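Report on the structure given below.
The values are calculated or read from the model by the stated rules, or taken from the named source; none is laboratory data. Not measured: the values here are computed from a predicted model. We place every Cβ from the backbone using ideal geometry, glycine too, and count neighbours over all the protein chains shown.
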Amino acid sequence: MSDPHTHRVIPLQDLRPSALTLPDAALRDDLRISANGLLADQRGRPLRDLRISVTDRCNFRCNYCMPKEIFDKDYAYLPHSALLSFEEITRLTRQFIAHGVQKIRLTGGEPLLRKHLERLVEQLAALRTLDGKPLDLTLTTNGSLLTRKAQALKDAGLQRITVSLDALDNAVFRRMNDVDFPVADVLAGIEAARAAGLGPIKINMVVKRGTNEQQILPMARYFRGSGMVLRFIEYMDVGATNGWRMDEVLPSADVIRLLQSELPLVALEPTQPGETAQRWGYADAQGRRHDPSLGEIGVISSVTQAFCSDCNRARLSTEGQLYLCLFAEKGYDLRHLLRGEASDADLINAIGHIWQGRRDNYSQQRQLMGPDTGPAVKRVEMSYIGG
Ligand code: SAM
Ligand code: SF4
Ligand code: SF4
């Protein structure tokens with residue numbers, strides 16, 4: 001048993017109902033967790049990947065993410081004072097790195113709406129992993145502001161980028177982003193990113209049955225051989241506002257079958273553990289071997305093929321809550337610690353204890369129990385914790 005006199009308590013005034021209470025051990029000097037990259041959760045999964053949402057706002061209203069009816073002019077977005085500052089994000093990132101994080105993805109909402117984002121990129125690019133390497137630093141964007149921002153992001157130290165694009169057909173795309181944003185402007189953004197040297201570029205396409213499945217082949221034809229990796233994402237039941245239905249999910253197996261009918265593919269090995277996408281390479285003329293000049297695609301099958309067993313991803317919300325799963329209902333309030341008296345060692349300890357307690361495996365459970373009986377009923381919105 002520990003001595004209660006060494007039990008230094010950091011006041012927890014900000015107990016908003018939406019935040020989980022930190023594990024008791026997280027705030028104790030006598031139960032320090034070593035920050036040596038060996039941290040593992042209850043299922044033996046390390047912490048390697050941190051996704052940071054820098055804004056809960058977006059200039060699109062993709063119906064699968066921020067439907068217009070909910071995210072209207074009366075929607076209460078976070079006030080600026082609630083957002084983590086760039087300095088706070090960088091400080092926290094340092095403590096995550098101490099536990100082994102190697103990859104950072106900036107996301108949102110639309111991350112490029114956050115003013116001077118390149119300043120944050122610059123601060124993060126200066127950090128080093130536990131073995132002294134630069135972070136794998138990337139960003140997911142809807143591409144709408146890339147023509148203006150790509151070069152500044154590259155100059156600040158961003159390495160690569162993922163651009164979301166759900167269709168090449170202008171009418172389909174405008175309907176999906178629901179703000180009448182034209183495809184041509186996203187393609188121009190992608191071109192600006194390529195010209196700035198942000199690469200390899202990944203393109204994310206959320207596939208919704210009955211909405212854009214006719215766009216699968218045109219998208220594949222367009223990006224095949226371009227050096228960019230197109231990734232087909234199963235429409236997920238994230239958040240609580242998109243009215244998700246299983247019959248609107250087109251399983252990745254069907255996407256692969258459709259592609260194979262015209263553009264032969266061969267399965268590729270994963271490049272690293274915990275990878276979300278299954279990789280497929282375009283085959284050579286004989287249809288047997290991968291032709292690297294044609295590139296590859298990925299499928300992200302979080303509905304039909306759970307990949308929780310090696311999920312090493314943590315998510316930091318716009319206001320500094322730590323979420324252990326994309327489908328979590330609540331997060332742990334790290335901002336409160338940051339803005340209190342917590343030292344770096346306290347933060348390292350808190351993150352360590354939170355991760356050690358992690359059991360989340362929502363997709364696996366959903367696969368076992370069926371989508372509507374999953375454990376979380378009031379899941380957090382994706383625009384708040386990022387994809
Ligand atoms: N606004 C940026 C964008 O769209 O790229 C970054 C944030 S967005 C939440 C991150 C990724 O999540 C995007 O690729 C988006 O298409 C994907 N996404 C959002 N809602 C989704 C859903 N219900 N199912 C699958 N993917 C989704
Ligand atoms: Fe905005 Fe991205 Fe969500 Fe679309 S997917 S509404 S672009 S945050
Ligand atoms: Fe990771 Fe949760 Fe997704 Fe499973 S459902 S892969 S635990 S984020």
Next on the checklist: Among the listed residues R114, R57, R91, R45, identify the single one that is within 14 Å of ligand 1 (Cβ to nearest atom) and either over 19 Å from the mean Cα position of the chain (by Cα) or farther than 22 Å from L338 by Cα (or both).
Outcome noted: R57
Item to check | Filter pass, R45 being within 16 Å of ligand 3 (Cβ to nearest atom), of a type in the set (K, R) and modelled with pLDDT of 95 or more | outcome: yes
Checklist entry - Quick one: what pairs do we get from the range 137-151, first residue under 17 Å from M382 (Cβ atoms), second away from ligand 2 (no atom under 12 Å from the Cβ) and part of a strand (DSSP E or B), C-beta under 8 Å, 6+ apart or different chains? => result L139/R105; L139/L106; L139/I161; T140/R105; T140/L106; T140/I161; T141/I161
Item to check | Answer from A306, A285 - the residue that is out of contact with any strand residue (DSSP E or B) (no Cβ under 9 Å at 6 or more places or on another chain) and without any contact (Cβ under 8 Å) to a residue 40 or more places away in the chain | outcome: A285
Next on the checklist: Step by step: first the residues of the range 298-345, then only those that are among the polar types (S, T, N, Q) and at pLDDT 95 or above, then the one that is farthest from ligand 2 (Cβ to nearest atom). Which residue is that?
Outcome noted: N312
Next on the checklist: For the range 145-186, which positions are within 30 Å of R48 (Cβ to Cβ), within 13 Å of ligand 2 (Cβ to nearest atom) and either assigned to a loop (DSSP other than H, G, I, E, B) or of a type outside the set (A, V, I, L, M) (or both)?
Outcome noted: L145, T162, S164, L165, D166
Item to check | Criterion: under 26 Å from I233 (Cβ atoms), within 12 Å of ligand 1 (Cβ to nearest atom) and not in a loop (DSSP other than H, G, I, E, B) - qualifying residue of G189, G109 | outcome: G189
Checklist entry - If the Cβ limit is 7 Å and pairs must be 6+ apart or interchain, which residue in the range 63-77 that is of a type outside the set (V, I, T) pairs with which residue that is within 16 Å of ligand 3 (Cβ to nearest atom) and assigned to a loop (DSSP other than H, G, I, E, B)? => result Y64/Y235
Checklist entry - How many residues does the range 317-362 hold that are among the aliphatic types (A, V, I, L, M) and within 16 Å of ligand 1 (Cβ to nearest atom)? => result 2
Item to check | Residue selected from the range 262-284 under the condition at pLDDT 95 or above and exposed (fewer than 14 other Cβ atoms within 10 Å of the Cβ), by the criterion farthest from R221 (Cα to Cα) | outcome: A267
Item to check | When residues of the range 66-106 are limited to those that are among the hydrophobic types (A, V, I, L, M, F, W, C), away from ligand 3 (no atom under 16 Å from the Cβ) and in a loop (DSSP other than H, G, I, E, B), the one surrounded by the fewest Cβ atoms within 10 Å (Cβ to Cβ) | outcome: A76
Next on the checklist: Condition first: buried (at least 22 other Cβ atoms within 10 Å of the Cβ), in contact (Cβ under 8 Å) with a residue 24 or more places away in the chain and farther than 14 Å from I201 by Cβ. Can you find one or more residues in the range 156-165 that meet it?
Outcome noted: no
Item to check | Whichever residue in the range 258-310 is assigned to a loop (DSSP other than H, G, I, E, B) and among the basic types (K, R) and, among such residues, is farthest from ligand 1 (Cβ to nearest atom) | outcome: R288
